[in-house]
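S.K.: Can you keep this structure in mind? I'll have questions shortly.
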Amino acid sequence: MEKYEINKYLEKFKNSVNDLRVAFNSELLEERLKELNEEIVKEDFWLDTKRSNKVIAELNDVKEKVNTIN
């Protein structure tokens, strides 16, 4: 393996480890879930479709992680 390939592999591994660290931090996930739920009930939430779609996607992702942990 060349140095570039090794660095790329290590960066990918680092990102995976960070994802796992966040995924298993249930307190952080629960807090984020609460924030996202508060966001979607705001009166102007659906006015910005692009943003609302991102929030819904994140909400679904966080819910999935919380369900996996519990």
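The values are calculated or read from the model by the stated rules, or taken from the named source; none is laboratory data. Since this is a predicted model, take the numbers as computed values, not measurements. Every residue, glycine as well, gets a Cβ built from its backbone with ideal geometry; the counts of neighbours run over all protein chains shown. Accessible surface is based on the protein model in full, side chains and every heavy atom, while ligands, DNA and RNA are left aside. Shrake-Rupley method; radii C 1.70, N 1.55, O 1.52, S 1.80 Å.
S.K.: Does N37 fit the bill of being at pLDDT 85 or above and either on the phi < 0 side of the Ramachandran plot or touching a Lys or Arg at 6+ places or on another chain (Cβ under 6 Å) (or both)?
M.R.: yes
S.K.: Same structure again: Could you tell me which of the residues V17, V55 is open to solvent by less than 100 Å² (accessible area, probe 1.4 Å) and at pLDDT below 95?
M.R.: The conditions single out V17.
S.K.: In addition: Identify all residues within segment 20-37 that are surrounded by 10 or more Cβ atoms within 10 Å (Cβ to Cβ) and either more than 13 Å from the chain's Cα centre (by Cα) or over 19 Å from K65 (Cα atoms) (or both); write none if there are none.
M.R.: K34, N37 - these are the residues of segment 20-37 that are surrounded by 10 or more Cβ atoms within 10 Å (Cβ to Cβ) and either more than 13 Å from the chain's Cα centre (by Cα) or over 19 Å from K65 (Cα atoms) (or both).
S.K.: Do we find that I69 is touching a residue at least 40 places away in the same chain (Cβ under 8 Å) and either open to solvent by less than 70 Å² (accessible area, probe 1.4 Å) or within 11 Å of the chain's Cα centre (by Cα) (or both) in this structure?
M.R.: yes
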